[in-house]
Amino acid sequence: MLGKALDGSGPLGPWLVTADQVDGDNLKIECRVNGKVVQSSNTADMVFNCKQLVSYVSRYMTLKPGDIIFTGTPEGVIAGKKKEEQVWLKAGDKVVTSIEKLGDLEFTLT
């Protein structure tokens, strides 16, 4: 949870949808930094699908409508790269994450 729940982190949007609107278990997901693709995958490649995640989390805490569960991330995270290939985000970088059928979440680091 530390990597997903820091003060000021966890951007959401541009909107949220419910399971009856979009099946979250087979959507293309991509992240670009300054226009360069740094992650590209599909939610079908997640180790656990959405239903499994909700089932597991609900064993340990009460879930209510509107609660949000942050999942893992596709391959391509910086920690998985060789030291010489690691390029850390910095002020001014533009990050765009796209999820098929949901839209783009775009922000610039300050």
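Points worth noting:
- Å² of accessible area per residue within the chain, as computed with a 1.4 Å probe and no ligands counted: 78 Å²
- Comparing Gln52, Val77, Ser41 along the charge dipole axis of the chain, the residue lying farthest to the positive side is Val77, per the Cβ-charge model.
- The trypsin sites (Lys or Arg not before Pro) of segment 13-86 meeting both criteria, a DSSP state outside H, G, I, E and B (loop) and at most 16 other C-beta atoms within 10 angstrom of the site's C-beta, are Arg59, Lys81, Lys82.
- Rounded to the nearest 20 debye, the dipole size of the chain about its Cα centre is 280 debye, using +1 on the Cβ of Lys and Arg and -1 on the Cβ of Asp and Glu.
- Segment 1-60: C-alpha gyration tensor shape, a/c 1.5 cut-off, then a/b vs b/c: oblate
- Cα pair count fraction exceeding 24 Å, expressed as % - the chain: 29 percent
- Expressed as a whole percent, the accessible surface of the chain that belongs to carbon and sulfur atoms is 57, based on a 1.4 Å probe.
- By accessible area with a 1.4 Å probe, ligands and nucleic acids excluded, highest first: order of Thr110, Thr71, Thr43: Thr110, Thr71, Thr43
- Number of Lys-Lys pairs in segment 33-110 with C-alpha atoms under 27 Å apart and a separation of 8 or more places or on different chains: 14.
- Note on the chain: GNM, Cα springs under 10 Å; of Pro74, Pro65, Pro11, the largest mean-square fluctuation is that of Pro65.
The values are calculated or read from the model by the stated rules, or taken from the named source; none is laboratory data. These numbers were taken from a predicted model, which means no experiment stands behind them. For neighbour counting, all protein chains shown are included, and Cβ atoms are generated from backbone atoms with ideal geometry for every residue, glycine included. Note: areas computed on protein heavy atoms with side chains; ligands, DNA, RNA excluded. Shrake-Rupley method; radii C 1.70, N 1.55, O 1.52, S 1.80 Å.
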